[in-house]
1. Identify all residues within region 77-116 that are at pLDDT below 95 and surrounded by 19 or more Cβ atoms within 10 Å (Cβ to Cβ); write none if there are none.
2. Need the failing condition index for Thr65 against (1) at pLDDT 95 or above; (2) part of a helix (DSSP H, G or I); (3) surrounded by fewer than 14 Cβ atoms within 10 Å (Cβ to Cβ), just the number.
3. Among all residue pairs at least 6 apart or on different chains, which show Cβ distances below 6 Å where the first residue, located in region 85-110, is under 20 Å from Leu7 (Cβ atoms) and free of Cβ contacts under 8 Å to residues at least 60 places away in the same chain and the second is crowded, with 18+ Cβ neighbours inside 10 Å and among the hydrophobic types (A, V, I, L, M, F, W, C)?
4. Condition check: of a type in the set (Lys, Arg) and in a loop (DSSP other than H, G, I, E, B). Does Arg44 satisfy that?
5. Report the residue count in region 44-62 for those that are surrounded by 19 or more Cβ atoms within 10 Å (Cβ to Cβ), farther than 16 Å from Leu112 by Cα and over 9 Å from the mean Cα position of the chain (by Cα).
6. If a residue has to be among the β-branched types (Val, Ile, Thr), farther than 22 Å from Val8 by Cα and in a helix (DSSP H, G or I) to count, how many in region 81-112 make the cut?
Amino acid sequence: MSQHDPLVALRHMLDHAREAVGLSRGRSRTDLDTDRLLQLALTRLVEIVGEAASRVPVDVQGRHTALPWREAIGARNRLIHGYDFVDLDILWEIVASDLPALIPQIEQVLKLEGSR
């Protein structure tokens, strides 16, 4: 499979979302304030989820409109371009709420696209 294969991008989304959720498990929002490595890791993982989302072709995105493509890509853009100020409350909300909900959606899209 090439790097332009939508299944590869979807797997990257899934893997990095799972990793972010895993890193945050057992942690609190306060930990994000005090653990610089956690901040950096979660920021980077969310960036990768958004970058991978941007590499999923528009036709595939169009077949799976329940996924928040624009939001994932927008979060990536905000983190990359707004590197000088990352709102840790928003980052935590993405990792604690948005990504856990996104994971089963990506799994479903992978299943459907993999059977095409």
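The values are calculated or read from the model by the stated rules, or taken from the named source; none is laboratory data. Computed from a prediction, not measured in an experiment: that's the story for all the values here. Neighbour counts are summed over all protein chains in view; Cβ atoms, including those assigned to glycine, are modelled from backbone coordinates with ideal geometry.
1. Scanning region 77-116 gives a single hit, Leu79.
2. (2)
3. Filtered contacts from region 85-110: Gln105/Leu67.
4. Working: of a type in the set (Lys, Arg): yes; in a loop (DSSP other than H, G, I, E, B): no.
Answer is no for this residue.
5. Number satisfying all stated conditions: 0.
6. At the first step, the residues of region 81-112 found to be among the β-branched types (Val, Ile, Thr) are 86, 90, 94-95, 103, 106, 109.
Checking which are farther than 22 Å from Val8 by Cα leaves us with 86, 90, 94.
Those left that are additionally in a helix (DSSP H, G or I): 90, 94.
So the answer is 2.
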